[in-house]
1. Suppose we take every Cα in the stretch B:264-416 and form the convex hull; what volume per residue is that in Å³?
2. What's the magnitude of the charge dipole for the protein assembly as shown around its Cα centre, counting Lys and Arg as +1 and Asp and Glu as -1 at the beta-carbon? Answer in Debye, nearest 20.
3. Please identify, among A:R29, A:R136, A:R145, the residue showing maximal mean-square fluctuation in a Gaussian network model of chain A using a 10 angstrom Cα cutoff.
4. Return the sequence-ordered ³J(HN,Hα) values of the stretch B:384-391 in whole Hz as given by the Karplus equation 6.51 cos²θ - 1.76 cosθ + 1.60 applied to θ = phi - 60°, using x for Gly and Pro.
5. Compute and list, largest first, the equivalent-ellipsoid semi-axes of the protein assembly as shown from the alpha carbon gyration tensor, each √(5λ) rounded to a whole angstrom.
6. Under 5 Å between amide hydrogens, which residues at least 5 positions from B:F672 or on another chain qualify, with H placed 1.01 Å from N in the peptide plane?
7. Determine the gain in length on full extension of the stretch B:D574-B:T750; use 0.36 nm per residue of separation and subtract their C-alpha separation, reporting nm with one decimal.
8. So, R0 is 56 Å and r is the distance between the beta-carbons of B:R294 and B:S503; what FRET efficiency does that work out to, to 0.05?
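The values are calculated or read from the model by the stated rules, or taken from the named source; none is laboratory data. Keep in mind the model is a prediction, meaning the values are calculated, not measured. Virtual Cβ from ideal backbone geometry, glycine too; neighbours counted across all protein chains shown. Surface areas here come from the heavy atoms of the whole protein model, side chains and all, with no ligands, DNA or RNA. Shrake-Rupley method; radii C 1.70, N 1.55, O 1.52, S 1.80 Å.
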Amino acid sequence: MPETFRIQVNGVEHSVTADGDTPLLYVLRNDLGLNGPKFGCGLEQCGACTAIVGAEAIRTCVFPLSAVGSAPVVTLEGLGTVEEPHPLQKAFIAEQAAQCGYCINGMIMTAKALLDRNPRPTRTEIRQALARNLCRCGTHLRIVRAIENAAKGAVP
Amino acid sequence: MRPGSNARRTGRTYSRRQFGQAAAGIVLFFSMRPGAILGQSAPGGLPADLKANRRLDSWLRINAEGNIEVFTGKVELGQGNLTALAQIAAEELDVAFERVRMRPVDTSHSPDESYTAGSASIQAGGSALGYAAANARAILLELAAAKLGVPIGSLTVDDGVISSSGAANRVTYWQLASETPLARNAGNDVPLKSTSKYRIVGTSVPRLDIPAKLTGGEAYVQDMRVPGMLFGRVVRPPSYGARLSAFDDTAVKALPGVVSVVRDGRFLGVVARREEQALAARAVLQRAATWTTRSELPDDARLAHFLRASTDARVTTVSSRSPGPNTPQAVKTLTGNYFKPYVAHASIGPSCALAAVSDRILTVWSHTQGPYQLRIDLAKATGLALDNIRVIHAQGSGCYGHNGADDVALDAALLSRAVDGAPVKVQWMRDDEFGWEPFGSAMAMTVQAKLAGDGSIVDWQYDLWSDSFNMRPGLPGGVNLLAAWHLAQPFQATPPSEIPLPSGGADRNAVPYYDFPSQRITEHFLPTLPIRVSALRSLGAFGNAFAVESFMDELAETVGADPVEYRLRHLRDDRAKAVIRAVADRAHWQPGAKGDGTRGRGISFLRYESVKTYVALVADIVVDRTAGVIRVERMTAAADAGLIVTPDGISNQIEGSIIQGTSWALKEAVRFDRERITSRDWASYPILSFPEVPEIDIVLLNRPDLPSLGAGEAALPPVPAAIANAFFNATGKRLRDLPFGRDRVKAALT
Ligand code: FES
Ligand code: FES
């Protein structure tokens, strides 16, 4: 049965009418018109759909709308814009760390959650944090470098 | 430049100055001398793509607002194609790069440039666009000369401002725009800019498509939303040949939001108002259908045997050379059998399309590699005239060849039709993608070599069994779109055929680059295998290079030679020798060094398609003998792609190829039982993960005086042999079947 939920996304309150078990991904994409979180598998296996809910990087393809509650949701759009990119986005652009780019939402959002809890991760810690994020284009090493640079504040 | 001086190491940090280098995207230029691209037309002739689309305004439009719209027939596949093409247009027109607006391919007006696949086809697109732009510039100068009353020869252009050295008067492209000067055909008498004057081509500019992709912009077809858009999902049969024996859609129709349930033969789909409703309806629809399946697939565990035993093979001799009078006597004969399984494209984003019908025109937004080719097959499958179909390119997830992109376009068209042409966006689910995409063909290879007393190879016999690598849409004699085969009035796929050498299909790089006095390469082409296949990155080169380079290693070891020296001994081409020496140098190769049971290193070499880029790799691996796991710690690569224009661009491509190749080598095989494909998700089709990705060190050999060669996927095929040879070096055991998963590694070690 559709219900109305109030959720806070990228600092703005929204009211959404949908079934409570609707995966958050579809609410973000279709009700709120956000493009950052992507459908990759719907199975919690790839990370393309990642957004931050509360303080955690969450796989929104399986995370029900009803579970969001009052936790703030941050998507890729909530980090920065083309004109004013977040340091992570800046670092990814500087490193041109995208081939097709479809996986990159998941990489940046997972990295954001990582840096929030561990501002100076080692390369191994970065690789571990991304262990469940898949990239098919082989952009891995650039992604890791971009995150290292962002952590070091090494991006002009 | 000294070989190796251009080396770049991964894990470096970028300074501000290096930003431009990192901003590669320049798939086109990383390996091509700009002049070689633009200057490639035959004397007096136009580039083929321009000849086929001669009207200049089908390529370019100059707008009064001060920008240039560029229409290309090439599409962005996530490698920076459009950025590279924008550079060419800006260069030949003498305008700032920022003024160029690249328009995606739209069959209602874009030039038809066939598929975008491989660097060669972008090369063609760049050449045509460059000539068109040069033509446009000449026309604008002619107009300006008349306006300003000065001779053309006195005019110069600076960012679209045309002025004469002697006169104060000036006129801009943007002022001339209203005179629609480009409504004419391209001529072939216009000189191209001399490469020494290039300002934009050959420099690294940040890719145009990246900022939107990193900030949540509308970058992909998946992100498209139009008013009144509905969501579609398909339900595929459980197996290729399954028959629909019972179907009751009452329960599906009763679900909230369901607008239509579609059944045409064994094509099933659902259209709903909200996406999650379409998903729920799909799940119920799956249960509403009863299928009859049959045993139709080979035994997965004995696939190599199945390929070799096929009675349907078309056998051709790909290459043969008879021994000369001075060929030494053979004293020893060795044989090796190798196998490569079916490999999936496995795009991260499942295929997606948006379709709508209005004014009797079916419009489809698709991430196809060939919008015009897709349109041909859409017309056949829907019965619409070509003119009533419009295909517009919109980007998708990386495809690496022919994946489900085209198929889902027909799905969307069929579902839109079922709801009176309302816009319907269809995205495949993960299991649709794995279960139904056309895989890269499985291959079996047998090599037999004869050795002379001095250890050199005197005869090489090679047999290859495989299927097609080209079942793309738009080919004559059938329809290569999945849903078309499932309709009540089904269409047939086109008859498979082999791609001619040197490019080749299954036989790409089947002919070794080594110089043997006698050889025969035989292809057993198997066009009637039951598993769906088509183009996947590097086609047959992956399997062939695995066999050739593994066997070279084995022969070297048999005669007690060092694998580096043994390869050099059999090569005539100095550039080939140079990349092998360069990689050995860079990796501090020690002749005769043995692994210690767990650590080892191996080398392999390839000249891609026998006429393109040279690559040599050294893999450093660690074997966990208990777990049966190979970890590739480092890959050192040396490449000679002729003149290097943007080193970072080529490094980027090599890096991507090595990572994907390592994934294929260690992990990937499409699984199936006797009825159906069983690799349906990332758990049943694992790929390389971040902790498993090797560090990569690349040496680029610059050849400033030699033409640039395509390089996109050249580093992929040599990967598995480098790993297998490293495994032998570590453990003394050979791995001859891909992939090198736990079972194979453990079996090899016992
Ligand atoms: S789409 Fe959510 S993890 Fe893959
Ligand atoms: S950049 Fe294409 S999947 Fe990661």
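1. Numbers: hull volume 36.5 nm³, N = 153.
It is 239 Å³ per residue.
2. The dipole magnitude comes to about 1120 debye.
3. A:R136
4. These are the phi-based 3J(HN,Hα) values: 7, 6, 3, 5, 9, 10, 10, 10 Hz.
5. On the way: eigenvalues 326, 274, 169 Å².
The answer is 40, 37, 29 Å, longest axis first.
6. B:T678
7. Values: separation 176, 0.36 × 176 = 63.36 nm, distance 4.10 nm.
This chain segment gains 59.3 nm when fully extended.
8. On the way: r = 37 Å, r/R0 = 0.66.
E between B:R294 and B:S503, to the nearest 0.05, is 0.90.
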